[in-house]
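Undergrad: What follows is a structure written as structure tokens; I'll ask about it next.
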Amino acid sequence: MIPYLKRLGLSMRHTSSLCFVSTTGLILMKGLIVAETLVLTVSALAADNYSPPVNRTYPDQVYWGDTHVHTSLSSGDAYPRGNHFSPRIAYRFARGETVNAANGEQVRLRRPLDFLVVADHAEALGVRYSLQESSPSLTETEAGRALQAAIRTNQQAPSDANQEAVGAAWNAVIRDPAYGSAIWRNVVANADAFNDPGRFTAFAGYEWSSVGSVSGVFGNLHRVVIFREGAGVADQVRPFSAYDSLNPEDLWRFFEGYEEQTKGRVFSIPHNPNNSNGEMFALNTFDGSPLTQGWARLRARWEPLLEVTQLKGDSETHPVLSPNDQFADFETWHSWAGMTESYQNHPCCKARTRDDFTAADFKEMKKGEYARHALQRGLKVRRDVGVNPYKFGMIGSTDSHTSLATADNDNFWGKYSETLPRAERPQSRFVEGWEYPLNWETAAAGYAGVWAAENTRESLFAAMQRKEVYATTGPRVTVRFFGGWTFETLDASHPRLADIGYTKGVPMGGDLTRAPVGKAPTFLLRAVRDPHGANLDRIQVIKGWLSEDGQVHEKVHDVALGDGRKIRRRIKPVGTTVDVADASYSNSIGNPELATVWEDPNFDASQPAFYYVRVLEIPTPRWTAFDAKHFEINDLPDNVVMVSQERAYTSPIWYIP
């Protein structure tokens with residue numbers, strides 16, 4: 001329970017919309033919890049105690065985790081591609097234990113994670129692994145025993161008819177309520193077994209794997225579903241899968257029914273919008289209807305976050321959408337074909353369905369795939385229907401299918417168990433049968449940073465719902481971001497910067513409203529490098545806004561620079577110390593910490609806007625450079641990316657007139 005609620009004698013059950021209100025009366029942030037509205041002032045929350053930590057009423061710890069790891073229970077990809085280990089391996093690895101990878105090598109994180117969501121595909125959840133292990137989840141159901149019998153018959157007397165019988169029995173299992181409930185109880189029990197409040201948080205979850213609305217095209221409307229509670233609540237239902245419906249609205253209705261039935265809490269996190277064929281942030285519903293206020297409310301309620309960076313590319317923005325952003329082209333997948341622009345013939349691409357697919361069509365498709373433009377679209381949709389459906393915070397996660405939540409370039413174990421470190425890895429195919437992408441095109445990314453009061457399911461879940469979170473591509477950079485109207489330059493150098501931030505303004509994920517006459521918003525920012533990582537190049541504020549003519553705009557502002565560089569129209573690059581052959585760098589450039597107060601110089605109080613922070617590290621060796629050194633690979637093509645400039649993205653702060 002959050003400490004200030006304890007002091008007020010309240011529990012999570014007492015509040016529906018938890019709001020912090022500053023001494024100026026501005027709303028700071030909202031986190032849906034249950035039934036009534038509670039408004040508290042910071043000054044009222046803080047008792048006059050001599051010990052400052054006792055008076056602290058805000059989250060003062062960032063917790064690191066991965067909300068998207070697959071194990072052997074993912075029957076369609078992780079298991080057939082070499083991951084046959086117990087799902088418990090994922091939790092043990094995330095907690096910092098040494099485990100064996102599929103190739104027999106030992107592997108361990110440099111530092112443990114604080115939380116994990118094992119998010120196996122709901123479709124055929126655990127069937128292959130249950131067959132391997134003769135799991136009671138399968139063998140104690142009639143459909144499971146029938147599948148085992150059909151497989152034995154086909155093994156003893158292979159024939160087309162017997163193979164068809166296996167297929168029919170398989171289909172019966174994946175739709176069998178008894179099996180679905182049993183395997184889900186096992187998933188929830190595993191999460192409970194590793195959940196250790198205050199030390200390590202394990203959430204029950206799964207992935208809903210819709211392939212989109214275009215027949216024959218893999219649209220990737222996938223969502224990770226996270227439950228706040230464990231056994232006794234989350235396992236009252238079984239996962240709603242893409243076999244039940246491909247339409248996200250039906251998933252959200254399942255959430256409504258779940259919360260009404262169990263009084264538990266749940267939400268979903270979309271991922272890989274960059275490969276969604278323009279559908280993830282479309283201007284119409286799944287069935288092609290115009291967006292309505294009711295639809296927008298559903299999406300805003302059930303999807304507070306976006307997984308903006310992961311193994312299959314970065315989804316912050318795309319060069320065709322942000323041509324004036326020199327850092328836009330980062331781990332860019334143009335389609336399911338990866339970094340290649342020869343995407344038309346790829347089996348998963350919408351372009352192949354049209355002979356006249358042009359560059360303009362490609363750009364229009366990208367507008368529905370990337371976070372920055374989605375945030376802009378959200379402003380426009382709010383103007384039209386009254387609710388912003390694309391008002392999301394941002395996190396990173398890995399989408400690892402190896403059970404290993406690794407996002408470090410020097411400790412990268414690939415997407416699948418068949419793509420673990422080896423000399424052939426960089427130039428081998430990501431998926432057999434696809435010409436592109438190759439494995440070198442995958443990114444060692446990412447993680448979620450969550451500002452929470454404590455490392456518990458309740459506290460982390462609430463922080464994610466209120467969007468006080470940020471994404472990194474792997475490094476554990478500490479980032480604070482506050483918006484208000486009265487921040488001053490000296491606030492950036494205050495040793496208790498967060499005290500100032502929460503008292504004067506709103507944190508990442510919050511809203512600014514009712515601009516004082518003649519005032520522009522000010523923002524308090526601080527970034528501190530990963531203690532095991534690289535120095536910082538710069539902090540940038542990305543602004544998006546909606547003008548009176550209905551057009552959306554964006555601008556990237558450099559607000560703090562390393563090495564004493566000054567903010568000018570043209571900024572000298574930070575340079576590089578990377579030795580690719582040695583896979584090394586030095587922190588002789590950049591800064592270990594950057595902090596500043598920035599005021600929007602072009603603020604118009606009548607225009608809705610959002611602001612988020614992007615923190616850039618100095619250049620460092622990419623995982624491909626570490627592979628080349630370790631395996632003595634000397635023949636990689638020139639187009640293989642060997643250097644990376646890793647980064648963090650905060651959740652936005654919105655200005656609402």
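Undergrad: Kindly list, by first and then second residue, each pair from a residue in region 49-61 that is under 20 Å from T456 (Cβ atoms) to a residue that is open to solvent by less than 70 Å² (accessible area, probe 1.4 Å) and of a type in the set (D, E, K, R), limited to pairs with Cβ atoms under 7 Å and residues at least 6 apart or on different chains.
TA: P59/E468
Undergrad: I'm told A443 meets every condition in (1) within 24 Å of A202 (Cβ to Cβ); (2) touching an Asp or Glu at 6+ places or on another chain (Cβ under 6 Å) except one. Can you identify the failing condition by its number?
TA: In the conditions (1) within 24 Å of A202 (Cβ to Cβ); (2) touching an Asp or Glu at 6+ places or on another chain (Cβ under 6 Å), A443 misses (1) alone.
Undergrad: Given the conditions (1) in contact with a Leu (Cβ under 9 Å, 6 or more places away or on another chain); (2) in a strand (DSSP E or B); (3) at pLDDT 80 or above, report the number of the one that M29 does not fulfil.
TA: Tallying (1) in contact with a Leu (Cβ under 9 Å, 6 or more places away or on another chain); (2) in a strand (DSSP E or B); (3) at pLDDT 80 or above, M29 fails exactly one: (3).
Undergrad: With the structure loaded, tell me whether E593 is open to solvent by 70 Å² or more (accessible area, probe 1.4 Å) and closer than 21 Å to A471 by Cβ or whether it fails that test.
TA: The answer is yes for E593.
Undergrad: Quick check on this structure: which one of E97, E133, E140, E123 is on the phi < 0 side of the Ramachandran plot and open to solvent by less than 40 Å² (accessible area, probe 1.4 Å)?
TA: Within the list E97, E133, E140, E123, the selection yields E123.
Undergrad: I'd like the full set of residues that are out of contact with any Gly (no Cβ under 7 Å at 6 or more places or on another chain) and of a type outside the set (S, T, Y), limited to region 96-107.
TA: Matches in region 96-107: G96, E97, V99, N100, A101, N103, G104, E105, Q106, V107.
Yes/no matrix, rows are residues, columns are (1) in contact (Cβ under 8 Å) with a residue 12 or more places away in the chain; (2) open to solvent by 50 Å² or more (accessible area, probe 1.4 Å); (3) within 26 Å of E140 (Cα to Cα):
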{"site": "N186", "(1), (2), (3)": "yes, yes, yes"}
{"site": "N190", "(1), (2), (3)": "yes, no, yes"}
{"site": "A193", "(1), (2), (3)": "yes, yes, yes"}
{"site": "P197", "(1), (2), (3)": "yes, yes, no"}
{"site": "F200", "(1), (2), (3)": "yes, no, no"}
{"site": "E207", "(1), (2), (3)": "yes, no, yes"}
{"site": "V211", "(1), (2), (3)": "yes, yes, no"}
{"site": "G216", "(1), (2), (3)": "yes, yes, no"}
{"site": "I226", "(1), (2), (3)": "yes, no, no"}
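Undergrad: Continuing with the same structure: For the subset of region 76-94 comprising residues that are surrounded by fewer than 17 Cβ atoms within 10 Å (Cβ to Cβ) and small (G, A, S), which member is nearest to W64 (Cα to Cα)?
TA: Filtering region 76-94 for residues that are surrounded by fewer than 17 Cβ atoms within 10 Å (Cβ to Cβ) and small (G, A, S), the one nearest to W64 (Cα to Cα) comes out as S86.
Undergrad: Step by step: first the residues of region 159-184, then only those that are charged (D, E, K, R) and surrounded by fewer than 18 Cβ atoms within 10 Å (Cβ to Cβ), then the one that is farthest from A149 (Cα to Cα). Which residue is that?
TA: In this case the residue turns out to be R175.
Undergrad: Inside region 241-266, can you point out the residues that are acidic (D, E) and farther than 18 Å from V214 by Cβ?
TA: D244, E256, E259, E260
Undergrad: For region 434-452, does any single residue satisfy the condition of being touching a Ser or Thr at 6+ places or on another chain (Cβ under 9 Å), open to solvent by 10 Å² or more (accessible area, probe 1.4 Å) and not in a loop (DSSP other than H, G, I, E, B)?
TA: yes
Undergrad: So how many residues does region 140-163 have that are more than 19 Å from S130 (Cα to Cα) and touching a residue at least 12 places away in the same chain (Cβ under 8 Å)?
TA: The number of residues fulfilling the criteria is 1.
Undergrad: Select from region 415-432 the residues that are part of a loop (DSSP other than H, G, I, E, B) and in contact (Cβ under 8 Å) with a residue 40 or more places away in the chain and write down the one among them that is most open to solvent (accessible area, probe 1.4 Å).
TA: Only one residue tops the list, namely R422.
Undergrad: Go through region 249-276 and give me each residue that's of a type in the set (F, W, Y) and within 22 Å of the chain's Cα centre (by Cα).
TA: If the condition is that a residue be of a type in the set (F, W, Y) and within 22 Å of the chain's Cα centre (by Cα), then W252, F254, F255, F267 are the ones that fit.
Undergrad: From the residues in region 372-395 that are aliphatic (A, V, I, L, M) and out of contact with any strand residue (DSSP E or B) (no Cβ under 8 Å at 6 or more places or on another chain), which one is surrounded by the most Cβ atoms within 10 Å (Cβ to Cβ)?
TA: That would be V381.
The values are calculated or read from the model by the stated rules, or taken from the named source; none is laboratory data. In this text the structure is predicted, and so the values were computed from the model without any measurement. With ideal geometry, Cβ positions are generated from the backbone for all residues, glycine too; neighbour counts draw on all protein chains shown. Quick note on the areas: whole protein, heavy atoms, side chains included, nothing else; ligands and nucleic acids left out. Shrake-Rupley method; radii C 1.70, N 1.55, O 1.52, S 1.80 Å.
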